[in-house]
1. If you stretched the chain out fully between residue 122 and residue 10, how much longer would it get, using 0.36 nm times the residue separation minus the C-alpha to C-alpha distance?
2. Using 0.36 nm per residue, how much length does the chain from residue 54 to residue 214 gain when fully extended, once their Cα-Cα distance is taken away?
3. Per 0.36 nm of contour for each residue apart, how much would the distance between residue 45 and residue 24 grow if the chain were fully extended, relative to their Cα-Cα spacing?
Amino acid sequence: MPALSVLMVALLAAGWVLAGHLVDGAPPLLVAAGRTAASFVVITVIALLYPRSRPQVRAATARGGGVVLLAFLGFFAYYSGTLLGTGVIGASRVGLIVSLLPCITFVIGIVAFREPSTRRKVLGTVLAVLAACGYALADAPTGDGAGSGADGGVLVGGGLLALGGTFTYAVYGYVYRRRMADLTPVAALPAITGAGTVMLGLTVVLFVPLGGVSAADWGGIAALGAVLTAPVFLISHELILRKGPLFTSAIALAVPFLVRLGEWALGREPAPGPLVLLMLLLCAGGVWLTIGGARPAPSAEEATTAEEATTAEEATTAEEATAATAAEAATASAAAADGDTHPAQGTEPRLPHGTGPRLPQGPETGLPQGAEAHTRQGTS
C-alpha cells in the first residue's frame, strides 16, 4: 500500500508538470480530451488481456446511468475545470487547489453522506483553505499562465475553475465507491473513461480550434494519457475501494510541493520565497489535521461480522475441546478394559466376596485329601 501511494504521488506530480507545459501551446480542453482518450485505450487493452475481467467489463457497461454520472464528475467536469484553470493561473496554483481535495471530501462526506465530524477536522479544513488562498496571492507575481500582470479577477476566475473541478472529483470518489464497489478498477474504468472521452471529444470538436497544435503537443498529450494518467487512474481507484475517498484524496497533499519544485528545476519558476513556503506548510498542516486523528469505529455490519467470526471461532474451539475430552475418556476406558482382560504379571484378579464359586482346595494348602482325610476324621 505505501508503494502504491508513493507511485501515485510521483505520477500525479509529473502529470501536472507536463500538463502545465502542454497548455501553453495547446488548448486546455484538447489536453483534457486527449489524455482521457489515451488512458481509455491503455486501460481497455489491459482489461481485454485478462479474460476473467471481461464479464465485469460487460457488467460495468450495462450500468449506463452510473457510468455517465461518473464520467461527467470525474473526467469532463474535473479536467475541464482544472486544465482551464491551469491555463489561467498556472500548474502550481492549481496543484495546490487540488491538494484541498481531502478537506472538500471531508465536507461533502458530512453534508451529503452523514459522515462523523470532529473539531480537529473542521479546524484543519479552515486552515488549509486559508493557506491555499494566501499561497495564490503570495505567488501571484511568478505564477506561469497568469503572468506578472494578472489581476485579482483573473486569479479568482482561474481559482474558481480549478476549485469547481476539484469539488466534482470529491463527489466522484463517493459515487464511485457506491456504484462500482463490486467491480475491479480495470473492469469499471473502460466504460467510464470511454464515456468521458466522448463528452470531452464532442466539446473539443464543437468549440476548440485545432489548427495550431503541433506534432510535439500531440505526442505530449498521448504520453500524458498513456504513461502518466492511465496508471494514476488504476491506482487511485484501487485505493478508493481499499482505503476510501478521504485517504485517497489526502495523497494529493505532496503534489503541489513536487510541482513547484519541478517547475523551478525546469526553469519555469524562480525558487519559492519564504512566504510561499510558509503557505505551503500551513496548507499541509491543515490537510494533516483533516485526515489525522483516531481511526473510525467499525460499522455495525463490520462489528456484526467480527462478532459472528468470534462466536464461530469459540464454538469451534469448544467443539474441539469436547472431542478431545471424549477421545481421552474413550482411551482411558479402553485401557481399563484391556487391563481387566490381561492383568499385569505378579498380580491376581480379585473376586468379589460371596459371588464366585468355591474353588476346591488343592494339596498345596496342607489339608488332607481322599482316604487320608476320612481316616483322620474317624479317629478324632
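1. The span from residue 122 to residue 10 would gain 37.5 nm if fully extended.
2. Residue separation times 0.36 nm, minus the Cα-Cα distance, leaves 53.9 nm.
3. Result for the pair: 4.5 nm of gain on full extension.
None of the figures in this text is laboratory data; all of them are computed from the coordinates on show. Quick caveat: nothing in here was measured; it's all calculated off a predicted structure.
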